[in-house]
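The values are calculated or read from the model by the stated rules, or taken from the named source; none is laboratory data. Note that the structure is predicted; figures quoted are calculated from it, not measured. Note: ideal-geometry Cβ built from the backbone for every residue, glycine included; neighbour counts use all protein chains shown.
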Amino acid sequence: MQEALLYEKLEDKKVECRLCGHTCKIQPEKRGICGVRENRDGILYSLVYEKVCSLHIDPIEKKPLFHFFPGTTSLSIATVGCNFSCKFCQNWTISQETEIFGDDISAEDIVEEAIKHKCKSISYTYTEPTIFFEYAYKIAKLAKEKGVYNIFVTNGFMSNEAIEMIAPCLDAVNCDLKSMDDEFYRKICGGRLDVVLKSIRKMKELGIWVEVTTLLIPGYNDSSENLYELARFLKDAGDITWHISRFYPNYKMSDLPQTPISTINKAVEIGKEIGLRYIYPGNIPQDLRENTYCWNCKALLIERMGFFVAKNRLKKNTCPDCGAAIPGVFE
């Protein structure tokens, strides 16, 4: 347990958490929406500080990040809890857990584990990293000092204060942009669209490498109107790399069908029409569109097999055939 960052003490021992878009006003002996930040006698505490419920070494492509040191590995960690309640969550057994559990692992040990296993980066993932911000922030600062990069895999429902605090240590983000419909965010996810859009723009402005993922759910966020609006936002926000992920039934949406391939294809074509240079379909085995091609001369640059890189022809960030600059962070 650790005293929280980014909160304000109010009268009668109430507190206001300033970490995410909910800005929870929390009564004494109660928790915020995330379930892992508790007001104890007028002081807000993180209950998941150094409580790791999941730790794995993943290929960076699994985040997914395709334009950030492709072919490298990332030490990936999570604690329980989330500030969203997505009805389709694939990690609901830990994100929606109300009981605090996990292995006690210090920030120093996390960084040493990454170095030991030659991981290029540490990813704060599986659940929402914003809710274990104090832990992530300490690890990120230590990792930065040791030359290890830091990645958030996030729903983007962060406060400006949180983004500004972590930005000097945060190198890359994969942010969900689940829909351009605020009602979808409120009813299906328990959040708001405006906060997510502001976060994406803010992180881009601060120089963090950003890629975006959209999970297409049949009948919910797969309309052409929604996809056009989403693609336009990504183009306007800086031609952001877009991962379009296929939905498989899970959690409270296990009665729905999986996303038709034709819907994924439609989204890809809309992204191209809007002018996005890099669009990657996801959750479709052996789809060649997960390879990276030069946006200028169309040469194959990075060949992928699942989550692994089979071939990388990039010369730092340039195409070896035509010399075009490829957006991203490469060796």
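To keep it simple, each residue is scored yes or no on (1) in the same structural domain as Pro129 (by TED's automatic domain parsing); (2) of a type in the set (Lys, Arg); (3) in contact with a strand residue (DSSP E or B) (Cβ under 7 Å, 6 or more places away or on another chain).
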| site | (1), (2), (3) |
| --- | --- |
| Asp12 | no, no, no |
| Thr23 | no, no, yes |
| Val36 | no, no, yes |
| Cys86 | yes, no, no |
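If I ask for residues that are free of Cβ contacts under 8 Å to residues at least 40 places away in the same chain and touching a strand residue (DSSP E or B) at 6+ places or on another chain (Cβ under 6 Å), which ones from the range 256-268 would you list? Val268 - this is the single residue of the range 256-268 that is free of Cβ contacts under 8 Å to residues at least 40 places away in the same chain and touching a strand residue (DSSP E or B) at 6+ places or on another chain (Cβ under 6 Å). Restricting attention to the range 1-37 and to residues that are part of a loop (DSSP other than H, G, I, E, B) and among the charged types (D, E, K, R), the residue that is surrounded by the most Cβ atoms within 10 Å (Cβ to Cβ) turns out to be Arg18.
Here is the figure for the range 315-324: residues that are in contact (Cβ under 8 Å) with a residue 24 or more places away in the chain, of a type outside the set (Asp, Glu) and surrounded by 13 or more Cβ atoms within 10 Å (Cβ to Cβ) total 2. In the range 269-286 there is at least one residue matching the filter, namely being without any contact (Cβ under 8 Å) to a residue 40 or more places away in the chain, in a strand (DSSP E or B) and β-branched (Val, Ile, Thr).
Across the range 202-223, a minimum of one residue is classified as of a type in the set (Gly, Ala, Ser), at pLDDT 95 or above and at negative phi. I need the full set of residues from the range 208-258 which are among the aromatic types (Phe, Trp, Tyr) and farther than 21 Å from Lys272 by Cβ, in order please. Selection gives Trp209, Tyr220, Phe247, Tyr248, Tyr251.
Restricting Ile270, Ile284 to residues that are in the same structural domain as Glu225 (by TED's automatic domain parsing) and farther than 13 Å from Pro64 by Cβ narrows the list to Ile270. State all residues of the range 76-90 that are buried (at least 19 other Cβ atoms within 10 Å of the Cβ) and more than 17 Å from Phe133 (Cα to Cα); if no residue qualifies, say none. Listed by number, the residues that qualify are Cys86, Phe88, Cys89.
Considering the conditions (1) in contact with a His (Cβ under 8 Å, 6 or more places away or on another chain); (2) within 29 Å of Gly207 (Cβ to Cβ); (3) crowded, with 17+ Cβ neighbours inside 10 Å, Ser46 is excluded by exactly one of them, (1). Among the conditions (1) within 17 Å of His67 (Cβ to Cβ); (2) among the charged types (D, E, K, R); (3) crowded, with 22+ Cβ neighbours inside 10 Å, the only one that Lys235 does not satisfy is (3). Inside the range 154-180, residues that are in contact (Cβ under 8 Å) with a residue 60 or more places away in the chain, under 28 Å from Glu8 (Cβ atoms) and buried (at least 24 other Cβ atoms within 10 Å of the Cβ) make up a count of 3.
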